[in-house]
Amino acid sequence: MRLQLLFFLGLSALVSEGESSHDAERRMHPVFSLLGTGSNPSGGGRFKRAMPQIVFDALRTEERYAEYWQGLAAQTLEQQLDSKLRLNTQLARNVMLFIGDGMSIPTITAGRVYLGGEENQFAFEQFPYVGLSKTYCANMQVADSACTATAYLGGVKANYGTIGVTAAVQFKDCQAQSLDAHHVSSIAAWAQKQGMATGLVTTTSVTHASPAGVYAHLANRNWENDAEVVADNGDPDLCPDAAAQLINSPVGQKLNVIMGGGRENFLPKGTTDASGAPGRRLDGRNLIEEWKSQHTNSAHYVENRKQLLNLSNHTSRVLGLFAPYHMAYHLDANPAEQPTLEEMVESAMEILERQSAGRGYFLFVEGGRIDHGHHDTLALRAIDETAEFDKAVRFARTHTSTDDTLIVVSSDHSHTMSLAGYSSRKNDIFGINDGQLAADDLPYATLSYANGPGYDSNYLREGGAVRRKNLRAINMKNKDFMFPSTVPLESETHGGDDVAVFASGPYAQLFTGVFEQHFIPHAMGYASCLSDRNMCVDGGVARRPR
């Protein structure tokens, strides 16, 4: 503690009394050497902030030469010219929107290292067009997954915690929710009006905030079942919950594919599902049975991987509920029981293609547990979920044509995780920084959070003093390790920074630059002739030349 106090007093003096520009530059930007030494080729030591040169080996011998980097640049230039000089203005017969919930740009960067190195790329990073989306809610600087779902699915900014309604609806306002004038229709509704097949796939409950944006109108994202509405003194008859809307609303009833978790929200209290988990509904309704009775024999309900993979080729609709609430993290899942996101997407695409009758389909896919990992500062889980999300994107892109299928990949909001320090290339992304020690003579993690529950797992309180734990003595590769947080909070918050948008296929060029998040469905609608029918001929299956 005395060392820390001296350090901060010294730093304060520098700031208040002034320091030369050269001294400030050296303090803020320490210099590293990339050449090894004979006796210590790997650099070995770690040093504090005012440190000598640190020695790291170059990753590859060829990277020491200009020709290597010039060759990579030439290759990238060729790829850019090839993709940008030929604009695809065909009709987007199929549209797929992939949302990595909480997939911030630092999450993507850390994920590359998890895949094998800083130079790696996710499949969606290879898409030719990239933009930035501004994620704020109508009433909040930092968004949640509810108002953002209304934006990227409905094309309208909404209030924090509300789904599928305008900003005229305040949080928990049941009366306002009930007014049709306040309802926002989603791009799934637009697609259904034009005869397209539609579906949603998520790793969360299908009644959770993001997927609910496809079909629901809610003044409170937590109203996933009628018990939650009643708990807020609401009237479930006036303000139906998300599960009831999924089964009975015009959009929900027409969905060909519904896959994710959330069985408890469809079953009445006093009953249990196949796993023994209790239902939560107070109205006595079994919404799963209601869904079955609404549809023909070609509609199937499934709740495990085997049932999903054994679906008949004549399946017209599927309701797949694979968990009582959220599906398990990939790192925890029983692979014999729970399908992967990639497997769910594969099944969804097969059904939608069959049911599209030549008019195409819209599919919403969410990697929802990236967000949950970050909220608990479980960086390993969050980044592994990102890798699983990317597998689903890769399958979708490699099994469709860029001539007629638009795929957009983005996030609803960011998180507070950062990737910091001066580590060597391919240093363990879940380990400690191997370039320097902190002012308390202890190592620090490459990944950390601005706030969250990781504070308590990384600090010690002794005799009224607080000091950091020595991370060398902790197994940071444990999937349950909570990464360091600066501010103690029960749950880490979202971040307010922009998120990336990646696009491939017809009119993917529309998703470049910096734009409001609610622009996304309007651009997808334009590409697929959903928002501007005057641009289309033959009943909307072909685009009129401009």
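Report, by chain and number, residues whose modeled amide H sits under 5 Å from the one on residue 495, excluding near sequence neighbours (fewer than 5 apart, same chain).
414, 415, 416
Summing +1 for each Lys or Arg and -1 for each Asp or Glu, what net charge is found among the other residues whose Cβ lies under 10 Å from the Cβ of residue 360?
That sum, taken over residues with Cβ under 10 Å, equals 0.
Given axes a ≥ b ≥ c from the Cα gyration tensor, I'd like to know whether the stretch 131-228 is rounded (a/c under 1.5), prolate (a/b larger than b/c) or oblate.
Cα axes put the stretch 131-228 in the rounded bin.
Are there any trypsin sites (Lys or Arg not before Pro) in the stretch 128-216 that are in a DSSP loop and have at most 12 other Cβ atoms within 10 Å? List them by number.
none
Using the Karplus curve 6.51 cos²θ - 1.76 cosθ + 1.60 with θ = phi - 60°, work out ³J(HN,Hα) for each residue of the stretch 160-168 in order, rounded to whole Hz, and write x for Gly and Pro.
3, x, 10, 9, x, 9, 6, 6, 6
How do 397, 281, 472 stack up against each other in accessible area, from largest to smallest, with a 1.4 angstrom probe?
Accessible-area ranking of 397, 281, 472, largest first: 472, 397, 281.
For the stretch 357-411, with only Lys/Arg (+1) and Asp/Glu (-1) charged at the beta-carbon, what is the dipole magnitude about the Cα centre, in debye rounded to 20? Write down the numbers at each step before the final one.
Working: 6 positive and 9 negative charges, 32 e Å.
Taking the Cα centre of the stretch 357-411 as origin, the dipole is about 160 debye.
Enumerate the aspartates and glutamates that residue 477 could reach by cross-link, defined here as Cα to Cα under 13 Å, with residues fewer than 8 away along the same chain left out.
Straight-distance partners of residue 477: 384, 428.
Out of every Cα pair in the stretch 134-188, what percent are spaced more than 13 Å from each other?
48 percent
Which of the GluC sites (Glu not before Pro) found in the stretch 428-504 are loop residues per DSSP with 14 or fewer other Cβ atoms within 10 Å of their Cβ?
Sites meeting the loop and neighbour criteria: 490.
Considering only the chain, what is the antiparallel percent among its DSSP beta bridges, to the nearest 5?
35 percent
Quick one: which residues, 5 or more positions from residue 143 or on another chain, have an amide H under 5 Å from its amide H? H modelled 1.01 Å from N in the peptide plane, none for Pro or chain starts.
Amide H to amide H, under 5 Å and 5 or more residues apart or across chains, residue 143 pairs with 137.
Cross-link partners among lysines for residue 479, C-alpha distance below 23 Å, same-chain residues fewer than 8 apart left out?
391, 426, 469
Using the crude model of +1 on Lys and Arg Cβ and -1 on Asp and Glu Cβ, and no other charge, please compute the dipole size for the chain relative to its Cα centre, in debye to 20. Can you show the working numbers first?
Working: 47 positive and 61 negative charges, 115 e Å.
It works out to roughly 560 debye.
Would the stretch 369-418 count as rounded, prolate or oblate if I go by the C-alpha gyration tensor, calling it rounded below 1.5 in a/c and otherwise prolate when a/b exceeds b/c, oblate otherwise? Numbers along the way, then the final one.
Working: a/c = 4.35, a/b = 2.32, b/c = 1.87.
Cα axes put the stretch 369-418 in the prolate bin.
Which distance in Å, rounded to a whole number, links the C-alpha centroids of the stretch 455-525 and the stretch 276-317?
Taking the Cα centre of each part, the stretch 455-525 and the stretch 276-317 sit 35 Å apart.
Could you list, bin by bin from short to long, the percent of Cα-Cα pairs of the stretch 446-497 in 10 Å steps?
Calculated P(r), rounded to whole percents: 24, 51, 22, 3.
If each DSSP helix of 4+ residues adds -39,500 (n - 2.57) and the sum is divided by the residues in the chain, what number results at 222 nm, nearest 500 deg cm²/dmol?
Calculated mean residue ellipticity at 222 nm is -8500 deg cm²/dmol.
Considering the dipole of the stretch 180-297 built from charges on the beta carbon (Lys and Arg +1, Asp and Glu -1) around the Cα centre, which of 206, 194, 294 is farthest to its positive end?
Toward the positive end, the furthest listed residue is 194.
Take each complete run of DSSP H in the chain, measure how far its Cα atoms stretch along the helix's own axis, and keep only those covering 20 Å or more with mean Kyte-Doolittle hydropathy at least 1.0; list them.
2-17
What does the charge add up to near residue 312, with Lys and Arg as +1, Asp and Glu as -1, over the other residues with Cβ less than 12 Å from its Cβ?
Values: positive: 317, 354; negative: 350.
Combined, the nearby Lys, Arg, Asp and Glu give +1.
Remind me, relative contact order of the chain in percent, using alpha carbon pairs under 8 angstrom and six or more residues apart?
23 percent
Using the Karplus equation 6.51 cos²θ - 1.76 cosθ + 1.60 (θ = phi - 60°), what ³J(HN,Hα) coupling, rounded to whole Hz, does each residue of the stretch 502-507 give in order, writing x for Gly and Pro?
These are the phi-based 3J(HN,Hα) values: 10, 9, 8, x, x, 6 Hz.
Treating only the Cβ atoms of Lys and Arg (+1) and Asp and Glu (-1) as charged, compute the dipole magnitude of the stretch 273-426 about its Cα centre; round to the nearest 20 debye.
80 debye
Amide H to amide H under 5 Å from residue 320: which residues, 5+ apart in sequence or cross-chain, H placed 1.01 Å off N in plane?
258, 259, 260, 302
Given the options 324, 58, 170, identify the residue whose Cα lies farthest towards the positive end of the charge dipole of the chain (+1 on Cβ of Lys, Arg; -1 on Cβ of Asp, Glu).
Checking the options against the dipole of the chain, the answer is 58.
Using only the Cα atoms of the chain, construct the convex hull and provide its projected area averaged over every direction, in square nanometres to one decimal.
Hull-based average projected area comes out at 30.2 nm².
The values are calculated or read from the model by the stated rules, or taken from the named source; none is laboratory data. All figures in this text were calculated on a predicted structure; none of them were measured in a lab. Glycine gets a Cβ as well: all are built from the backbone with ideal geometry, and neighbour counts include every protein chain shown. Side chains included, ligands, DNA and RNA excluded: accessible areas come from the protein's heavy atoms. Shrake-Rupley method; radii C 1.70, N 1.55, O 1.52, S 1.80 Å.
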